[in-house]
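Below: the structure, in structure tokens.
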Amino acid sequence: MGLYINIGNDGFRAARNGEYVDKSALIELVNNSLNSERQFMCVSRARRFGKSMAAKMLNAYYDHSCQSADLFHDLKIANSPSFKQHLNRYPVLYVDMTNFITRYRNSSDIIHHIQVDIIAELKEAYPNVKYNTNEDLLSVLYAILQQAEPAKFIMIVDEWDAILRESNSVQNDGEAYVDFLRLLFKSGNSLSVFAGVYMTGILPIKKYKTQSALNNFEEYTMISPGEMADCFGFTDKEVSELCVRNKIDKEQIKTWYDGYRIGEEESIYNPLSVIRAIKRRYFESYWSNTGTYETVSHYIKMNYEGLKDDVIKLLTGESCTVNTKNFQNDVNVINSKNDVFTVLIHLGYLSYNRDTSECYIPNKEIGIEFETAVEDTGWVEVSNALKQSEQLLQWTINGEAERVAEAIDRVHSDSTSILQYNDENSLACVLALAFYAAKDQYVMIRELPTGKGFADLVLVPRRNMDMPALVLELKHNATVKTAINQIKDKHYSDSLVDYVGDVILVGINYNKRTKKHQCEIKRIKKMSQVVDERVPSNVINMSPVQRKSVPSNDIIALVVNQYFPDTTAIRKNKLTRIISELLKTDLSTSEMMLLLNEKNRTRLRNGIINLLQEKKWITKTDLGKLTTPNQKYRLTEIAFQQIRQYNFENQQ
């Protein structure tokens, strides 16, 4: 057992002895690529997303110097037809490039040391092979295959891009390193030497102009993950199982560490942070001890047009459009705002929606790192707005309109050097920044759709939060009366029909001439807010047998088909998918309903109630007790819980 050749399975064995989530499906994907045109692959993922764990797993599986059947017999890969075919059948060369950075950081020729050290160990491991003098690594491996090894090599390169990211002489080392990789993996003997090559790191392979430096590699990235979308990070189902097994609050885990969208996987969690939170039973940012904010600060300080505006939008929960095409996959070559956002996506500090070409801050953990980074940039005005946001929220709830107006004046005045402040959209962005602290207690929704238009900003209390909802209407060169009246005229509070609690209406107007804000605050009590209107929990008694009699997606499809008869088949399918996806989340019924327009909400509520009656999951007598909209929405909430429980039980 050496440092590079046939290092054994100790690393993966240690992982199996702890809290382990099965990611062995990756092995089958690699098996399918061996000895084919796709045998060279580079998988890039954000730091702390399990790259090294995957590399150790692959080494334990392929390395013929050890026996690893006991490590894999209960994992997904054991059910694959290719499992035994490749298990412990290859000589494996495992190289972690960070080791060379640590050992030879101050060397003028780090690439020379890489070759010398690996070749020296190979010659010690294969002493009977006749080698020529001054051979490169590929030639040495070829000689071993010709004289000693019956099977081709598997090569695993962990942190392949460390030299490009961390070397003291990046330019010289970077060019020499890429030339070394080309010689190793693109020469005439490369296919004869390697059955497969698996490289992993943070960055995709460096581009020269628009072409990859190693264009014979299949690449899987944070932006384009292909079939490996769920192989890194934890899926929502995996986190649910972890939370049940460890009796920990999933909603908190989701708030802190979820939010990454990787390819078709819309809910991916940071795995290292999830495991640490479960072990310590404490929720916090586990990126903090890795100097995250310094990395973010370095990039957001760059002086590119529109960068500061977009960073503030990201902080307030908005998404920003990004063109990822021109980034050279080099942290030292940043030429635009798009490059800044692209590198932050690869590093894991932003998530990326490929369908909309937008990026966003994925979760509370990363949001905290952005807050710290903003403080470090010297953006005093933004930092001050973040610090006073808790007080502003309390003043709003208390109805202190003058204080709220003065506070927004300060945020506006401080932010004019960063934000263009000429219309209601800009005002909405500043207000979202001013109410930033509310994100812990509220779901913040920009431009909430209602029956007659849009409310500019709505704050809906998160589950188990005893707080009033806030509806903010923003005006530019009008009056606060106009803003308040618009809330009432457009029935914005009706969008919160399933929310039980007070609603605070906040009208804000900005006078461009005086550069001052006016504010009016009104608190209204929901007319349906009566304790005994809550539907008793026993009003619906759906047994597991009844639940399993109809698949949950079919339940939704039946409702959609019956109560949207005038809708096209395409739109019916789309609505079914939307509702199905909402049911997979941890959103409350209030939050889910806010994502559907008023007409769809009413139809969906009535449809579910009628279907429950048809399936005899609720009696006519009980149905007759439901006389108010709030009671009916409560029943809808119970139905959603039952359907979610059906999903969970069927996944076990």
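The values are calculated or read from the model by the stated rules, or taken from the named source; none is laboratory data. Remember, it's a predicted structure, so these values are computed and weren't measured experimentally. Cβ coordinates were reconstructed from backbone atoms using ideal geometry, including for glycine residues, and neighbour counts include every protein chain displayed. Heavy atoms of the whole protein, side chains included, go into the accessibility calculation; ligands, DNA and RNA do not. Shrake-Rupley method; radii C 1.70, N 1.55, O 1.52, S 1.80 Å.
Per residue, the average separation of C-alpha pairs within less than 8 Å and at least 6 apart gives the stretch 297-400 a relative contact order of 25 percent. If you take the alpha carbon atoms of the stretch 33-184 and fit the smallest convex hull around them, that volume is 138 Å³ per residue. When Lys516, Lys337 are compared by accessible area at a 1.4 angstrom probe, the order from most to least is Lys516, Lys337. Using the Cβ-Cβ distance between Val129 and Asp440 with R0 set to 45 Å, the FRET efficiency from 1/(1 + (r/R0)^6) comes to roughly 0.10.
Taking 0.36 nm per residue of separation and subtracting the Cα-Cα distance, full extension of the segment from Glu251 to Arg354 would add 34.5 nm.
When the GluC sites (Glu not before Pro) in the stretch 108-143 are filtered for DSSP coil states and for at most 15 other beta-carbon atoms within 10 Å of their beta-carbon, the remaining sites are Glu135. Go through Lys337/Lys364; Lys84/Lys207; Lys247/Lys387; Lys76/Lys123; Lys301/Lys325; Lys308/Lys515 and tell me which ones have a Cα-Cα distance over 28 Å in this structure. Checking Cα-Cα distances, Lys84/Lys207; Lys247/Lys387; Lys76/Lys123 exceed 28 Å.
For the stretch 9-64, what is Rg from Cα atoms divided by 2.2 N^0.38 Å, rounded to two decimals? Don't skip to the answer; put the middle values down first.
On the way: Rg = 12.0 Å, N = 56, 2.2 N^0.38 = 10.2 Å.
The value comes to 1.18.
Each label was represented as a point 7 Å from its Cα along the Cα-to-Cβ direction; for Thr98 and Arg276 these points are 1.3 nm apart.
Quick one: pull the percent of accessible area on the stretch 108-239 belonging to carbon and sulfur, 1.4 Å probe, ligands and nucleic acids left out. Please report the intermediate quantities before stating the final value.
Details: 2510 of 5470 Å².
Within the stretch 108-239, the accessible surface is 46 percent carbon and sulfur.
In terms of overall dimensions, the stretch 244-356 has a Cα radius of gyration and Dmax of 15.6, 48 angstrom. In the stretch 1-91, the portion of solvent-accessible area held by carbon and sulfur atoms comes to 48 percent [1.4 Å probe, whole percent, DNA, RNA and ligands not counted].
Protein-only accessible surface at a 1.4 angstrom probe places the residues Met302, Met199 in the order Met302, Met199, largest first. Taking all protein chains as shown and a probe of 1.4 angstrom, Glu19 keeps an accessible surface of around 60 Å².
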